[in-house]
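Peer 1: Quick one: this structure, given as structure tokens, is what I'll be asking you about.
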Amino acid sequence: MAGRTIIAFDLDETLGIPVTDGRVIVGFQVRHGAEDLLDELGERADLVLWTVSSRRYADKVLAFGLGRLFRRVYTWDDLPVRWKDVRRVGADWLVDDSDHHREAARASGVAGLADRYIVVPAYGSPADVTDPGGWLRMVKAVLAPDGRC
């Protein structure tokens, strides 16, 4: 669908964390509000998952439910890069818990590129524990300033 906004999301610590039994992954703890946000955004945008994890890992955790929400998935196996340059995957936005990518975009010298990164507190971080809905407000302030996702 040409003309639709493309929003890339990081996986770990942005959308949730894996649940293990000490040896293997047995689930994925989705961050509060993430599925509803992705469902709402998916109605008007194409969602992409972009993780520096392996394809095997990503496939495993996406099988616990989030996989249905993403049109494309990029992993380290597909795209081993030093930083997530949104232009590499055709994304208009990247939502990630790491400021590293936005800082690299700033350092690139491309005007406005760093503004296409929405950096949220990591899931389970002190800022997230204090305000679990803060990350949702940050994303919605940029992607749905009119209050509509």
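Peer 1: In the list Arg55, Arg68, Arg87, which residue meets the criterion of being more than 22 Å from Pro18 (Cα to Cα), surrounded by fewer than 17 Cβ atoms within 10 Å (Cβ to Cβ), of a type in the set (Lys, Arg) and more than 14 Å from the chain's Cα centre (by Cα)?
Peer 2: That would be Arg87, the only listed residue that is more than 22 Å from Pro18 (Cα to Cα), surrounded by fewer than 17 Cβ atoms within 10 Å (Cβ to Cβ), of a type in the set (Lys, Arg) and more than 14 Å from the chain's Cα centre (by Cα).
Peer 1: In this structure, does Val19 turn out to be touching a strand residue (DSSP E or B) at 6+ places or on another chain (Cβ under 8 Å), surrounded by fewer than 20 Cβ atoms within 10 Å (Cβ to Cβ), free of Cβ contacts under 8 Å to residues at least 60 places away in the same chain and outside any helix (DSSP H, G or I)?
Peer 2: Yes, satisfied.
Peer 1: Shifting gears a bit: Any residue in the range 95-112 that is within 25 Å of Val19 (Cβ to Cβ), of a type outside the set (S, T, N, Q) and surrounded by fewer than 15 Cβ atoms within 10 Å (Cβ to Cβ)?
Peer 2: Within the range 95-112 (the criterion being within 25 Å of Val19 (Cβ to Cβ), of a type outside the set (S, T, N, Q) and surrounded by fewer than 15 Cβ atoms within 10 Å (Cβ to Cβ)), the answer is no, since none of the residues qualifies.
Peer 1: Then there is this: Over 26 Å from Asp128 (Cβ atoms) and touching a helix residue (DSSP H, G or I) at 6+ places or on another chain (Cβ under 7 Å), is that true of Leu113?
Peer 2: yes
Peer 1: Among the residues of the range 93-124, what is the count of those that are free of Cβ contacts under 8 Å to residues at least 24 places away in the same chain, assigned to a loop (DSSP other than H, G, I, E, B) and farther than 17 Å from Val81 by Cα?
Peer 2: The qualifying residues number 4.
Bear in mind these aren't lab numbers, they're just calculated from the coordinates by the rules spelled out. These figures come from a predicted structure and were not determined experimentally. With ideal geometry, Cβ positions are generated from the backbone for all residues, glycine too; neighbour counts draw on all protein chains shown.
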